[in-house]
Amino acid sequence: MNYIELLKSRNMLSQVAHPEEMVEHLSSGKRSAYAGFDPTAESLHVGNLMPIMALRRWQQSGHKAVVLMGGATAMIGDPSGKTEMRQMLTVELIDSRIEKLKKQFGRFLDLSSDNFAMTNNGDWFRDMKYLPLLREIGADFTVNRMLAAECFKQRYEKGLSFLEFNYMILQSYDFLHLNRSLGVTVQVGGDDQWSNMIGGMDLIRRKERKQAFICTVPLLVNSAGKKMGKTEEGAVWLDPDMTKPYDLFQYFRNVEDDMVETCLFYFTDLPVDEVRRLGGMKDAAINESKTILAYEVTKLIHGENDAVKARDQAKSLFSGAGGGDAPVVEISRATFGSAMPILDVLVVTKICESKSEARRLVEQGGLTIDDVKITDFKYMLDAGKFADGSGALIRKGKKHYFKLVLR
């Protein structure tokens, strides 16, 4: 099955330029495609999974995947979908983040030398002189066309800095550089990148007189069109230290019923017929489909061992087994003392990110300790609770359980 048909079969194809020409191009030999990732955080997140999976499907079609790290473009910030300019990042922070992110791609892609390459646009942009760049490609971009691009429209009304206005030019040049240096002929990305991607494809076709193609995958949104990948705690990260495997499992276990089939298509390698069967379940039966989805996604991101543990933890907690397998959080006895304010407990254990979040949780009735709801944000948790050494079972909201122990 060619790449375009594979994406279509899993409902992952959004837009493609020159589709018939691209299919012919892919059928005539092994090709290289790239997707770009700016290191705007310490970890990739669930929203990044769509372009990552686009590269995974590319490799599954027999082609070479190239990951481009945005060591230079992260210094500017992509205005696409943003209502204000990104925070300016230092070179040192960008480079340290890139080193962390590199390790995460091995969970999704075959990193063998024949099928994978990783590069960094900081390698060619950071020492590049501005005037030579303008003279080489500046005449190929018209301001009228750039202002008409979707990635600029929203920001144009509220104020678009000249810094960000350069982002499309840099991303376009990335494609040209990768075409010249690595023979890359295809760029894949999220649907919000379409305008930027057109610039690179057209640049290659004009400058090099060669074939170049782009295709996009949908953004990760629910049936109401709202972006997925966030919880009350914030983004759902792919780093296990930032979002625990159990919490990732629970995130996908609790997706809306009408998103089960979509997520199974996007984030698993289950056969199409099996995905349709699981997605077609109704009423109580759909919960088993959700468990399979959560297990498969957790296995993809963190490996089978963590996926099994997360599934077993969930099964134990929701079968009334007492929470013995809930994720353990610890506080030293010296720190805890004879008693500790509940807000401090929640922040020290990182069950909540801040006291304000912890207070809202308590005031909204979302906190229980050993099945007793805590409604007073001034509540003091007594050390006597831990006298038998068994710990306390804390439930945050409806689905998140933690076992608190003193060491």
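Here, each number is a calculation from the coordinates, and none is a lab measurement. Since the structure is predicted, the reported quantities are computational estimates derived from the model, not experimental observations. Glycine also receives a Cβ, built like all others from the backbone with ideal geometry; neighbour counts cover every protein chain displayed.
Assorted remarks:
- Expressed to the nearest 5 percent, the antiparallel share of DSSP beta bridges inside the stretch 328-406 is 75 percent.
- Inter-label distance, nm, simple model (7 Å from Cα along the C-beta direction), Asp192/Asn166: 2.3 nm
- Among beta bridges from DSSP that stay inside the chain, the antiparallel ones total about 45%.
- Global geometry of the stretch 244-318, whether rounded, prolate or oblate, following the gyration tensor of its Cα atoms and the 1.5 cut on a/c: oblate
- Extension gain for Asp371-Asp258 works out to 37.5 nm (0.36 nm per residue, less the C-alpha to C-alpha distance).
- Extension gain, Glu99 to Leu147: 0.36 nm times the residue separation minus the Cα-Cα distance gives 13.8 nm.
- Each label was represented as a point 7 Å from its Cα along the Cα-to-Cβ direction; for Glu363 and Arg107 these points are 3.5 nm apart.
- Among Leu131, Leu163, Leu264: highest mean-square fluctuation, GNM of the chain, C-alpha pairs under 10 Å: Leu131
- Relative contact order of the stretch 105-254: 15 percent, from C-alpha pairs under 8 Å at least 6 residues apart in sequence.
- Computed over the stretch 178-230, the percent of Cα pairs more than 18 Å apart is 42.
- When both the stretch 1-55 and the stretch 347-391 are represented by their alpha-carbon centers, they are found 45 Å apart.
- For the stretch 328-406, diffusion coefficient by Stokes-Einstein and Kirkwood Rh (Cα), 25 °C, 0.890 mPa s, µm²/s: 199 µm²/s
- Between the listed residues Pro271, Val329, Met281, the Cα displaced farthest toward the positive end of the dipole of the stretch 243-372, a dipole computed from Cβ unit charges relative to the Cα centre, is found at Val329.
- Aspartates and glutamates with Cα under 18 Å of Lys64, excluding same-chain neighbours fewer than 8 positions away: Glu5, Glu24, Asp110, Asp114, Asp174
- Label zone at Arg277 (point 7 Å along Cα-to-Cβ), backbone N below 19 Å, the stretch 292-314: 292-297
- Applying 0.36 nm per residue to the separation of Lys129 and Thr291 and subtracting their alpha-carbon distance, the gain on full extension is 53.0 nm.
- Only helices enter this figure: runs of n ≥ 4 DSSP H residues, each worth -39500 (n - 2.57), summed and divided by the residues of the chain, yield -12500 deg cm²/dmol at 222 nm to the nearest 500.
- Too-long pairs where the Cα-Cα distance tops 31 Å, listed order kept, from Lys103/Lys290; Lys100/Lys210; Lys103/Lys230: Lys100/Lys210
- Ellipsoid fit via the Cα gyration tensor, the chain: semi-axes of 44, 26, 18 Å, each the root of five times an eigenvalue, largest first.
- Histogrammed with a bin width of 5 Å, the alpha carbon distances of the stretch 3-217 distribute as 1, 7, 15, 20, 21, 18, 11, 5, 1, 0 percent, first bin at zero.
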